[in-house]
1. What are the residues in the stretch 315-347 that are among the β-branched types (V, I, T) and more than 26 Å from V299 (Cα to Cα), if any?
2. I'm trying to understand the selection: among the residues of the stretch 263-280, which are crowded, with 22+ Cβ neighbours inside 10 Å and not acidic (D, E)?
3. Out of all the residues in the stretch 265-285, is one or more among the hydroxyl-bearing types (S, T, Y) and without any contact (Cβ under 8 Å) to a residue 40 or more places away in the chain?
4. Which ones in the stretch 155-175 are surrounded by fewer than 20 Cβ atoms within 10 Å (Cβ to Cβ) and closer than 18 Å to S215 by Cα?
5. Is there any pair linking a residue in the stretch 27-43 that is under 13 Å from P180 (Cα atoms) to one that is surrounded by 15 or more Cβ atoms within 10 Å (Cβ to Cβ) and among the acidic types (D, E), with Cβ under 7 Å and at least six apart or on different chains, and which?
6. For the stretch 291-301, what are the residues that are under 21 Å from R46 (Cβ atoms) and of a type outside the set (K, R)?
7. Does any residue of the stretch 177-191 turn out to be in contact with a helix residue (DSSP H, G or I) (Cβ under 6 Å, 6 or more places away or on another chain) and hydroxyl-bearing (S, T, Y)?
8. So which residues in the stretch 157-192 are charged (D, E, K, R), part of a strand (DSSP E or B) and within 21 Å of G256 (Cβ to Cβ), if there are any at all?
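The values are calculated or read from the model by the stated rules, or taken from the named source; none is laboratory data. Everything quoted here is computed from the prediction, not taken from an experiment. When we count neighbours, we look across all protein chains shown, and the Cβ atoms used for this are built from the backbone with ideal geometry, even at glycine.
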Amino acid sequence: MSEKNITFHRKLIIPKDLKEMFPLTEDLRLMKEGRDEVVKDIVEGRDKRMLLVIGPCSADREDAVLDYMTRMAKVQEKVRDVIFIVPRVYTNKPRTVGKGYKGILHQPDADKAPDLLKGIITIREMDLKIMRETGFTCADEILYPETYRFISDLLSYVAIGARSVEDQEHRMIASGLDIPVGMKNPTSGNLSVMLNSIVAAQNEQSFIYRNWEVSTKGNPLAHAILRGYENQYGKTFPNYHYEDIRHLLTLYQERGLENPTVIVDCNHANSGKKYLEQIRISKDILYSRHSSEDIRHFVKGLMIESYLEDGNQSEHEHCYGKSITDPCIGWDKTEKLIYDLAEQWDM
């Protein structure tokens, strides 16, 4: 079946059927509820630990991702009194010009043609394995609102990306979730766009979703993520400095938003994609927290891209545990950084 320039290949499985095929067991459901409460408490200010959203830029292969998560679970145990880790398992990737590897959702095997049905199944199986084998519930980006429900019962944190934050449907979906949703500033750096998105997400909405008329109650856990920005000439600029955070807090207060919270993304335009800068940037943000009680209560966590190996590669190089999208810090640096952050976090 075709319609001008679009071809309809096959009808996909619906989320309800996929969830029945790969169910969330009662013990895992209870474990997720417990972790969800912790993340909620951090955003609402009752739990003073750092929320650390950390992991590969893209979850490209299950074996390496599980290896990373298994190592991370041991680190989490050592820093659990100071840091609460929600690992990144980002399964669908925005591409600025529509080319390149779009994540495991599109290509469960990076060397083969896209297979979105297999990709949907692979994502759910992988998230369930991580839960069973490590005790983690994970974070993902909502790139396609219609695919979120395939794993909606598995995630404890989601982000709306810089290219999606102005989109109406993304804002509406965020308003219907009961877990924290981080809204990134757009690539232009316009904070009003991000704040408008948070307002929309925190309020009730009615819209069409997956061929249903739906309404939401609003999500008071929606909050800001600062990730840096680009000017009209493509030059990157950071927005993680003390003055940037202070300015954002003032804008939050002027709008009277619930649960004032910012998570700072240490990579992307904040680092100019110089991935090793994440180490310095993360510590700079902690210094800003030490300098102001207001900032200390406002900055509730960090987002860091890390994997087993430093840097990145093309999708066809087959280097185990090395990012095939944005460059990441490797495991040894990651482990040391987390221990350093645990020592420096001011609760």
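1. The answer is I324, T325.
2. I263, V264, C266, N267, H268, A269, N270, S271, Y275, Q278
3. Within the stretch 265-285 (the criterion being among the hydroxyl-bearing types (S, T, Y) and without any contact (Cβ under 8 Å) to a residue 40 or more places away in the chain), the answer is no, since none of the residues qualifies.
4. D167, Q168, E169
5. Close Cβ pairs satisfying both conditions: V38/D47; D41/D47.
6. Correct list: S292, E293, D294, I295, H297, F298, V299, G301.
7. The answer is no, given that none of the residues of the stretch 177-191 is in contact with a helix residue (DSSP H, G or I) (Cβ under 6 Å, 6 or more places away or on another chain) and hydroxyl-bearing (S, T, Y).
8. Correct list: empty.
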